[in-house]
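Trainee: The structure under discussion is supplied below as structure tokens; questions concerning it will follow.
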Amino acid sequence: MSISSQSDLVSAEISPHEFSQLWRASRRESLGRAWYKFSRNPLSLIGAGTVLFVIILAVFAPYIAPYPEHVKPFTDFANASNPPSSSHWFGTDEIGRDILSRIIFGYRFSLTMGLVVLSIVVPVGVFLGLVAGYFQHTWFDTIIMRITDIFLAVPPLILALSVASILERNLLNSMLAVCLTWWPWYTRLVYGITTGLRNEFFVTSAEITGASKFHILFREILPNCISPVFTKMSLDMGWVIIIGASLSFVGLGVQPPNPDLGTMVAAGRRYLPDEWWMSVFPALAIVLVVLGFNLFGDGLRDLFAAENS
Amino acid sequence: MVNKAPLLEIKNLRVHYKVYGGVLKVLDGVNLTVYPGEKVGLVGETGCGKTTTMKTALAILPVPPGVVVGGEILYKGRNLLAMSPRQLSNVRGREMTMIFQDPMAALNPVFNVEQQFTPVLKHAAKNHLSNKEIHAQAVLALQDVALADPERLLQAYPIQLSGGMRQRVCIGMALATRPQLLIADEPGTALDVTIQAQVLRLLNNLVDRLNTSIILITHSLGVVYETVDRLYVMYAGNIVEVAPTRKLFSNPLHPYSQGLMDAVPKLSGGGISQGISGRIPDYSHPPAGCRFHTRCSHVMEICRHQKPPEFEVEEGHKVACYLYGPKNQEAAV
Amino acid sequence: MSEAILEVRDLKKHFVVDHIGTFRRQPVTVRAVDGISFDLQAGETLGLVGESGSGKSTIAYILAGMYRPTQGRIHFRGLDLFSENGKRPLFLKKEIQIVFQDPGSSLNPRRTIAQNLAVPLQIHKPDKNIMRETLRLLELVDLPAIYMYKYPNMLSGGEKQIVAIARALATDPSFMILDEPTSALDVSVQGKVINLLMRLQSDLDLTYLFITHDLSLMRNIATRVAIMYLGKICEISKGSEFFQNPQHPYTQMLLSSIPVVSKDEEKLKPAKMIPTGEIPSPVNIPPGCSFNTRCPKKMDVCFEIDPDFVEISRQHFARCHLFGQTQKQG
Ligand SMILES: Nc1ncnc2c1ncn2[C@@H]1O[C@H](COP(=O)(O)OP(=O)(O)O)[C@@H](O)[C@H]1O
Ligand SMILES: Nc1ncnc2c1ncn2[C@@H]1O[C@H](COP(=O)(O)OP(=O)(O)O)[C@@H](O)[C@H]1O
Ligand code: SF4
Ligand SMILES: [Mg+2]
Ligand SMILES: [Mg+2]
């Protein structure tokens, strides 16, 4: 749009109401464009669909699962170890519980795990990264970044396993263990972005007009971190779920009889290969959700990359 | 010069880029001719398609996203676009070489200057070169570009050189093979004025001495004023005007050329003009008719619908604008 | 026109970039600005010209308050800009504003133009209606009001720079530092930005420190011109005089390097001065006159003694042994 051809529009006559309408229209337009770009990649769409599907399963588990009572203490030895059939699509386990129902409820634990972990880890990690990055070369930066280096040097699964093993075995503690291993990734990510942005002229300009540190960190720099952080969150959901499942798999996470995908794989493993459905379906369920979040995250990343170019 | 056969002839070249969410219709029928020994300039705002033209001419257009939709590029009468990779490599790097805006990007940081020369010279001599000969030729090339102490310089790495020296090394490399055509894409833009002046003067003298043809691409009119014989003005993927350089500067005809010339601040004073309002169009939906009509102050009805053909106003002075069409000629002047 | 609003005296800024030596670590310093003095009169445009790396931006950043000088004093309307206790008071931040070179990084890409403009408004005009002020600013720089809700990536480079100018104006400053405001723009767009700046200067009584490497541009806008080389000013004089009667060898070299587009301009170029050499690294500034590595008129004394800044005619100063008394000592 040319500068001069529009100057007849310059007038304060337009009311604030009209402005907010214009703004909403432009917002709608950019959201529309974003969706258009996102939807051009079939894999991102599949990812988004899978994620949505799993979320619906988890939220409406009691209405969707064919045998909701099978997630409580329940035994039905008459129907134990049945292979997949029309009444039990994914078969039953060694004490007669419907595997499909338990998977659907299992997603509740997986997603809760992911959500709780990320909602603790992201704010903490982002905050530390912002502050350390903005106050680069100060003692705060040194301490925080050394600590993250130490954490990042240890593989997350091993760290989570060792932390979880010294605590009491329950869902809460396994979440705590994963949280401890996960925040440094966000600190690192945001630290990198912040150290790049603190020398950008828009930050400098705010500084020299007298803006507060709070304004600079949270109004100027933070908005620029949101896209990469969201992308990483989506990619991480899958990984957190895998780590949570792994903890349950070795008996450190969700305790029976609660249905967790990792626990189910672990329990079913003993009946391989004859009664394969007991471990294979829960394992596939894990793959599905992890893949879904990863594809979705990749889609988001491409979208943000296209937006910035 | 006109009676000789052209060295390079770009005919009605059309190049698009296929990108996420659309097709950028960048080059819209570019015509450009270079005669042997001639110095030709190509100017236009950033984004008007100069680099795309040059890359296509050298067959180094990235495909995808680039697509050549039409036209031909005749080098000594043979169509480069139809050549096999082998035939192409006989031309490119031997008879036709290039210099880029950013000399750092053209040099590989992990090799020293001599190692940078080696593949270039070997390629040009079809590998029949001993290391000694390479060394000798490289020394000569560095002497050509007035670099002192070439022996020591050949052992230096790109980061050890200043910007001006790097660009000289690139020029030396491009001319070491004694090509017939050199395409220089903004060779001085990344440099300071005093160094740009030196680099351009050097390039100019060397090209004269070796009788190499050159296409000098730039967005700065001052750079071409003192260097080239003939000047092409490009706007949004079209050549809008071509004339001998001095004539174009003294009598620009296309409203875009006039705007550009007017916008250059003059050392002799006289204030700064408003420039050209608006900006280069969005290539996914370029304006119909004359692509410049959205920014033109002389726009007429026909400009909005029909692409103007080239009108030859004088011998060698062509302009693609209806103001100079047969009907308008008397009225406009 | 006579009141000096800014006085810079013997300003130095050295950056420690590295340390050498194994045991006794010696700092490696870049002498980015190395002893600069000048005055700025209210309402004038002082042009600061020099090759890249000569220290122009460093001066701009010191004046804007991004760095503390290593040495020297700066007074703005009689007030010390860098008093002992450090922080620059808010009313001085209001008076001195800067427009940066790179329009791409001047605006926050994640915030709308209105939000970008609101930053200085909220700080300096907390009791005003931000919306009305934003509209006033856009009107001031001739941008359509609907630009409020655009994001920077929807704007062209020239428009971004105009928004950056509007933001600088938000605090109603009296002094603006323009650090190569158009060097990232095409000439076809430059005119619009420059004309806007000139109009704003006369409408709002602004004083400009205009930094550029483009002497032709400077010719058309500056009341006075200062040429910088390796952290020092080598020549300073009234604009018109400067171009008709350049004195310092470096100035002549710069002028003769300018690519021009007409015969009139060719006549203004000192023909005998052929540009040679490159600017040395500011880590190793040559002893004596720092220009001695490239100067075609160098003498023996130039390698030993740094020339003084002398007034060679009224209001025309130069730093060169060709002028002034130091010549005798050689
Ligand atoms: N690799 C590419 N992918 C997509 N679009 C491109 C690419 N290269 C150039 N373009 C588009 O082509 C247009 C012309 O670019 P270019 O030839 O580099 O212009 P110039 O060299 O005149 O500045 C630009 O607007 C740009 O958007
Ligand atoms: N923050 C800094 N740290 C170290 N060196 C710097 C810094 N800022 C500038 N310099 C150096 O100071 C010199 C002058 O730089 P600058 O003021 O940006 O020059 P100009 O704006 O004239 O191009 C350059 O050599 C540059 O490398
Ligand atoms: S003092 Fe000497 S070296 Fe420096 S500019 Fe003058 S003549 Fe040249
Ligand atoms: Mg280009
Ligand atoms: Mg600078």
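The values are calculated or read from the model by the stated rules, or taken from the named source; none is laboratory data. Computed from a predicted model, the values in this text were never measured in an experiment. Because the Cβ atoms are built from the backbone with ideal geometry, glycine has one as well, and the counts that use them run over all protein chains shown. To get the accessible areas, we keep the full protein, side chains included, count just its heavy atoms, and leave off ligands, DNA and RNA. Shrake-Rupley method; radii C 1.70, N 1.55, O 1.52, S 1.80 Å.
Trainee: Out of the residues in region C:198-215 that are more than 15 Å from C:Ser174 (Cβ to Cβ) and at pLDDT 90 or above, state the one that is most open to solvent (accessible area, probe 1.4 Å).
Mentor: C:Arg199
Trainee: Name every residue in region A:36-48 that is assigned to a helix (DSSP H, G or I), within 14 Å of another protein chain (Cβ to nearest Cβ) and touching a helix residue (DSSP H, G or I) at 6+ places or on another chain (Cβ under 9 Å), in order of residue number.
Mentor: A:Lys37, A:Phe38, A:Ser39, A:Ser44
Trainee: Same structure, new question: Conditions first: (1) among the polar types (S, T, N, Q); (2) touching a Ser or Thr at 6+ places or on another chain (Cβ under 9 Å); (3) within 9 Å of chain C (Cβ to nearest Cβ). B:Thr245 passes all but one, so which condition is the exception?
Mentor: Tallying (1) among the polar types (S, T, N, Q); (2) touching a Ser or Thr at 6+ places or on another chain (Cβ under 9 Å); (3) within 9 Å of chain C (Cβ to nearest Cβ), B:Thr245 fails exactly one: (3).
Trainee: Moving on. Scanning region B:132-187 for residues that are at positive phi and out of contact with any Phe, Trp or Tyr (no Cβ under 9 Å at 6 or more places or on another chain), which turns out farthest from ligand 1 (Cβ to nearest atom)?
Mentor: B:Asp149
Trainee: Return the total of residues in region C:15-43 being surrounded by 16 or more Cβ atoms within 10 Å (Cβ to Cβ), more than 10 Å from ligand 2 (Cβ to nearest atom) and β-branched (Val, Ile, Thr).
Mentor: Summing the residues that are surrounded by 16 or more Cβ atoms within 10 Å (Cβ to Cβ), more than 10 Å from ligand 2 (Cβ to nearest atom) and β-branched (Val, Ile, Thr) in region C:15-43 gives 1.
Trainee: Would a scan of region A:175-196 turn up a residue that is within 14 Å of chain C (Cβ to nearest Cβ), open to solvent by 10 Å² or more (accessible area, probe 1.4 Å) and touching a Lys or Arg at 6+ places or on another chain (Cβ under 7 Å)?
Mentor: no
Trainee: For the subset of region C:277-288 comprising residues that are more than 13 Å from C:Gly231 (Cβ to Cβ) and open to solvent by less than 40 Å² (accessible area, probe 1.4 Å), which member is farthest from ligand 3 (Cβ to nearest atom)?
Mentor: Among residues in region C:277-288 that are more than 13 Å from C:Gly231 (Cβ to Cβ) and open to solvent by less than 40 Å² (accessible area, probe 1.4 Å), the one farthest from ligand 3 (Cβ to nearest atom) is C:Gly277.
Trainee: Please give the strands (runs of 3 or more DSSP E) falling wholly within region B:187-275 in which 1 or more residues are touching a His at 6+ places or on another chain (Cβ under 6 Å), buried (at least 19 other Cβ atoms within 10 Å of the Cβ) and at pLDDT 85 or above.
Mentor: Ranges flagged: B:238-244.
Trainee: Does B:Val224 satisfy the criteria of being out of contact with any Asp or Glu (no Cβ under 9 Å at 6 or more places or on another chain) and among the β-branched types (Val, Ile, Thr)?
Mentor: It is true that B:Val224 is out of contact with any Asp or Glu (no Cβ under 9 Å at 6 or more places or on another chain) and among the β-branched types (Val, Ile, Thr).
Trainee: Next question, about the same structure. Pick from C:Leu63, C:Leu46: which is within 11 Å of chain A (Cβ to nearest Cβ), modelled with pLDDT of 90 or more and either outside any loop (DSSP other than H, G, I, E, B) or open to solvent by less than 50 Å² (accessible area, probe 1.4 Å) (or both)?
Mentor: After applying the criteria, what remains is C:Leu63.
Trainee: Filtering region C:298-307 down to residues that are open to solvent by 20 Å² or more (accessible area, probe 1.4 Å) and in contact with a His (Cβ under 9 Å, 6 or more places away or on another chain), which residue is nearest to ligand 3 (Cβ to nearest atom)?
Mentor: C:Lys298
Trainee: Counting only residues that are open to solvent by 10 Å² or more (accessible area, probe 1.4 Å) and in contact with an Asp or Glu (Cβ under 6 Å, 6 or more places away or on another chain), which one in region B:29-44 is nearest to ligand 2 (Cβ to nearest atom)?
Mentor: B:Lys39
Trainee: With the requirement that a residue be assigned to a loop (DSSP other than H, G, I, E, B) and more than 7 Å from chain A (Cβ to nearest Cβ), what does region C:110-125 give you?
Mentor: C:Thr112, C:Lys125
Trainee: Is at least one residue of region C:216-225 within 16 Å of ligand 2 (Cβ to nearest atom) and touching a residue at least 60 places away in the same chain (Cβ under 8 Å)?
Mentor: Scanning region C:216-225 turns up at least one residue that is within 16 Å of ligand 2 (Cβ to nearest atom) and touching a residue at least 60 places away in the same chain (Cβ under 8 Å).
Trainee: Checking A:Leu31 against (1) open to solvent by less than 70 Å² (accessible area, probe 1.4 Å); (2) within 14 Å of another protein chain (Cβ to nearest Cβ), which test does it fail?
Mentor: Among (1) open to solvent by less than 70 Å² (accessible area, probe 1.4 Å); (2) within 14 Å of another protein chain (Cβ to nearest Cβ), A:Leu31 violates only (1).
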